[in-house]
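Below is one structure, written out as structure tokens; comments come after it.
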Amino acid sequence: AVHRLLTETVGSSHSRREIYVNLANLSPATADGIYRALSIALVGVSALVCGLARLPDRRRFVLEISIGIALMVAIAPVSRKAHFVSLMVPMSYLVATGVATGARRPLLWLAPAWALLNLTGSGLIGRSASVRALAWGALAWGVLLLWGGLVGERVRERGRPTPAGSGEPVPEARLG
């Protein structure tokens, strides 16, 4: 998506109709440098958030694996729709967290990410619109939203105390 948005290149190589979505006309080398810098930033944020400390419980382990999966799909230089099936683990984590805790926040991250990822399916919005959504990077934006939600959950988990010896976080207090 970075290259399509920053260079004058066809954004719909998978379609018979050419669609250009470039917002800038940078050189391929400059766009590649921006892509690499963004990738390094995402890896850095993920590493900072996850930290190097031993994980105190299984749920945090699954959360950090989910961050890693979303990160790999987000920064892969070439991703095909088939690669996005691996996002079922991070999506399942957000659903399970929302259901288990009653919190809406994980589902509020998941809903727009899921919608963006599904906008590329021609059966949902039609062939022409799905090609345009794919050209504008709906898959990339969906993965980045999913990654952001997971990182937000990990930051939130960092501050939660765990009962002595249990390895499990203290459940959230719910009012009402």
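Brief remarks on what is shown
- Net charge of Cβ neighbours under 10 Å - reference residue 154; Lys, Arg +1; Asp, Glu -1: 0
- Listed from fewest to most Cβ neighbours within 10 Å, the set 93, 35 follows the order 35, 93.
- Per-residue Cβ neighbour counts within 10 Å put 67, 34 in the sequence 34, 67, beginning with the fewest.
Computed from the coordinates by the stated procedures, all read-outs in this text should not be read as laboratory data. Keep in mind that this is a model prediction, so the values were computed, not measured. Here Cβ is always computed from backbone atoms with ideal geometry, including for glycine, and neighbour counts include all displayed protein chains.
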